[in-house]
Every structure is written in structure tokens, then in C-alpha cells.
Amino acid sequence: MSLQRGRAFADDAETLIDRSVFSDPVLYRQEMGRVFARSWLFLAHESQFHKPGDFHSTCMGTDPVIVVRQKDGSYKVLLNSCRHRGMRVCRYDSGNAKAFTCSYHGWAYAGDGSLLSVPDEPAAYGDGLDHNAWGPATAPRVETYKGLVFATWDTEIPPLVAYLGDFRYYLDVLVDPDEQGCSVATGVHRWRMRGNWKLAAEQFAGDMYHAASTHLSVFIAEAPHAKGIRPPELGFQAGVDGGHGLGGYAAYPYWQSQGFSPGVEDWMGAFWERAAQRLGRARTTDAVFIHGTCFPNLSLLFNRWHLRVWHPKGPDSMEVHSWSLLPNSAPPAVRRAPAARLPAPLQCVRHLGAGRLRTVELQHQQQRRLPHRQAALHYGMGVGRGPNKDFPEFPGTVDAVYSEINQRGFYRRWSELMAVPHPAEPTTAETPATESAKAVTV
Ligand code: FES
């Protein structure tokens, strides 16, 4: 089977995906080292931090980490695991702390990753404990891109800007359209759901095809005066090296189709005119980007001012972290109604929340059922079709809006990484699928 060569594809033409990539517990364990430990992973937005000691808890793959703002404005990423017996040293989602004190025996760590104090140290250890050697593991590379904080465990990986590559052209439309910058408009919405993380990541990378079937009733209910879903011939999918991809529509002032109040519509029009001066018209007023994924697990909804991360929690489960990101120049009226007449916090919870991803859960159930596992999945949409020439300024490979070019790019990158074992991964014999045992059973 092709997976034995570390490939997601079940055929040499790369149009079929083997279903086991969504459910196999051994592949999942390998993914943590081969994919997640070798990629830049998005952790937080800089607007979530204001002063030294501010922290935000999240994950890198399955590893819990704490992102901590330092005195010099940089960030440290600490593994949230005590060096004594492995207990989590921070149980809060975010806050400000002078130290992270383990609740088991009381070892305390500073936000810079040093071991601050050990209870009854003379009686317990004499002078035999080197504090410099017993801080928590820290991510060796932490870099930011226009407010986005990323980290990696890989010391050999290219710099973040190189990793993002041509995807920066598209990403800037979400994170850098405003001369005043952008900020997280709400807290982080977190929830658990059934499903393999790749089903969500690949859908955001390139699946515009589902919208008319899956979302139309919700679009009508939320915005009855909206003008509906755009004809497919007006759109595109764009894939760039590294497994990143996105899709959108041409010449589509979406704010005129969302049922906004006139004041919000006016602000949107003026805002995107300013963004066009900053970034050029091709990616601002001449097109609207809708969805995208930055490999491996950061996804974007450009027209909803929204980003989210799919944290793997076993082959059958994931935890979703979701943010609204708004331009700092947005007035209160826009902050209250960024899309579909919903206030920004409700936007996250209602329009883009857990209920909207039921499709992924239902889809995932079918990957696990025994009779289905032998039937590969069709990822051939757009194969053999010539490039879409309607967007000559767009970097990467551009295809029609109904295309699976980005999903194929995603799995091509996944396959490249999965083909090379990680030095720290357990052998197959040592992999008892503990994560799978903990995962939700469908
Ligand atoms: S496990 Fe943290 S102090 Fe013992």
C-alpha cells in the first residue's frame, strides 16, 4: 500500500487518498514527530499580550505549551510539563504570572524557562540540583510574522518567512490590510470535536465545492437579503509550495451581499480602498479571499476576519481554537457587526462555531467503518485542466474555484514529511495507540 512509502495517495496520479490517513493510530503517532515537530506552528496573536509575564496556553501537536511574553517584548514557548514528574505547571488558558508553580510538589518556573525554586531544597536535594539544567523544555525557534506568533521544535527548519513563502502574499490580506494593524477582537473560543485534524485543514485549504450544498440554508437564515453564492466560474483556488492553499472569488465586494447596515457597508468600502493602496488591487478590491490553510493546521476565513487552529487529540479527535481578528481602525459599529449582522463574539460562536463543523464529524465517521476502508477517496477535481489565467498577479498555481489542487498540495507536503522518520518517534512495536484509546468512539 502506498502509505508504507509514507504517502497519502493511493495511486501514482495522486488523485486518490487512502482513508487510513484519517484513522490509523500508528500514522497518527508518526504525524506528531514527522509533521508537527517539523513545521512552524501558529500559537497566538501578539495583541493577546500586553506586558511581560502575559501568557497564553496552547499546543504544538499534542504537546501542551505556554507562550510567555518576555521583558524585551520577545516570546518564550515553554513545554507545559514539570521536569520533576511531568505534571502540567499551568492550568489556565491565559493570564499574567510571575512564575508557574507545579501543584504536585511545588517546583516553580520563571516565565523565561528557568527553575526558580524547589520546596525544601536543602532537605530534599542538598546542593545537588542545578537550577540551570532543570527548567522546562523550550521551543528552540520562536518567530513572528505581522502579529502572528509561531514556534517550532525543529532547529533545522528555514526561517518563518521562508516557510510561509508565497503564502505571505495572501496572508497579508488578513493580517496586514490596515496601517493601524489588527487585533484579536474576542477571546479564544475553544471546543473539542470528533474528526481527524486533516479533514478540517484540507477543507479550509481548498474546498469551495461544498458551500452551496452545506451552507446555503444557513446563509439564507442569517442573511435573507444576501445575494447568494457566487457562480463558480468567477472564482479560483491557489496553491503555493509548502502545502499552503486558499480560494476566493473575483471582483466581489462581499460586504455588499451580506445584509450589512449602510454605515458598515460604507466603512467596508472605504477600508478596502485604503487596503488597495497598501497591498494593491489584485488581492483587495479585485478579488476577495474566502478560505485558506497554512500548512499544517492554521486555517483562515478571510472574509469573516477569522482564524483557527486544528489541534490533533488522537486520530479521531481534535480541539479547535478560534479567533476573530479585526483591523484596529474598525469603528464600534463594525466591531459589533463584522458579518451577517452578528456581533464579533457571536460570529465566532454561532456562524463559525462548533455546530458549523458537524459535516466534518459526519464525514469522519465514514472513514472509520470497516467496509469503507478499502474504498479510496476521490481527490481528482481539476486534474488535467489548464491553469486559471484570470488572476495573473497571484503567486503559485491557480485553478478554478471548483478544484482540489490545494488538497493535493496539502497531502503532497504531508507525504514528503511522513516519508522521513523522526529520530524521537517510537518504533511500531512501542506504539500501543494510547491516543486512539482515549479518543471519542463513534
Ligand atoms: S511533578 Fe512538579 S514538582 Fe513534582
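In this structure, is A99 without any contact (Cβ under 8 Å) to a residue 12 or more places away in the chain and either within 16 Å of the ligand (Cβ to nearest atom) or over 29 Å from C294 (Cβ atoms) (or both)? Please lay out each step first, then the result.
On the way: without any contact (Cβ under 8 Å) to a residue 12 or more places away in the chain: no; either within 16 Å of the ligand (Cβ to nearest atom) or over 29 Å from C294 (Cβ atoms) (or both): yes.
Answer is no for this residue.
Just to be sure before I move on: is V89 more than 14 Å from the ligand (Cβ to nearest atom), modelled with pLDDT of 95 or more and among the hydrophobic types (A, V, I, L, M, F, W, C) in the structure I sent? Taking the combined requirement at face value, the residue does not satisfy it.
Would you point out which residue out of G242, G228 is at pLDDT 80 or above, at positive phi and assigned by TED's automatic domain parsing to the domain that holds K389? It would help to see each step written out before you state the result.
Values: G228 fails: at pLDDT 80 or above.
Exactly one of G242, G228 is at pLDDT 80 or above, at positive phi and assigned by TED's automatic domain parsing to the domain that holds K389, namely G242.
Given the criteria away from the ligand (no atom under 16 Å from the Cβ), in contact (Cβ under 8 Å) with a residue 40 or more places away in the chain and polar (S, T, N, Q), does S81 qualify? No, not satisfied. Considering only residues that are surrounded by 14 or more Cβ atoms within 10 Å (Cβ to Cβ) and of a type in the set (A, V, I, L, M, F, W, C), look in region 113-128 and name the one that is farthest from the ligand (Cβ to nearest atom). Applying the filter and picking the extreme gives L116.
State yes or no: is D72 among the acidic types (D, E), modelled with pLDDT under 95 and more than 16 Å from the ligand (Cβ to nearest atom)? Quick ask: steps written out before the conclusion?
Working: among the acidic types (D, E): yes; modelled with pLDDT under 95: no; more than 16 Å from the ligand (Cβ to nearest atom): yes.
Here the answer is no, as D72 does not meet what is asked.
For I66, the conditions (1) within 16 Å of the ligand (Cβ to nearest atom); (2) outside any strand (DSSP E or B) all hold with the exception of (2).
The criterion of being modelled with pLDDT of 75 or more and in contact with a strand residue (DSSP E or B) (Cβ under 7 Å, 6 or more places away or on another chain) holds for Q237. Identification of strands (runs of 3 or more DSSP E) wholly contained in region 142-213 with 1 or more residues that are at pLDDT 95 or above, of a type in the set (V, I, T) and within 19 Å of L325 (Cβ to Cβ) yields 148-152. Please indicate, with yes or no, whether at least one residue in region 14-24 is among the charged types (D, E, K, R), assigned to a helix (DSSP H, G or I) and within 20 Å of the chain's Cα centre (by Cα). Within region 14-24 (the criterion being among the charged types (D, E, K, R), assigned to a helix (DSSP H, G or I) and within 20 Å of the chain's Cα centre (by Cα)), the answer is no, since none of the residues qualifies. When you check A110 against the structure, is it more than 9 Å from the ligand (Cβ to nearest atom), over 16 Å from S57 (Cβ atoms) and assigned by TED's automatic domain parsing to the domain that holds H131, yes or no? It is true that A110 is more than 9 Å from the ligand (Cβ to nearest atom), over 16 Å from S57 (Cβ atoms) and assigned by TED's automatic domain parsing to the domain that holds H131.
The values are calculated or read from the model by the stated rules, or taken from the named source; none is laboratory data. Note that the structure is predicted; figures quoted are calculated from it, not measured. Here the Cβ is made from the backbone with ideal geometry for all residues, glycine too, and neighbour counts use every protein chain on show.
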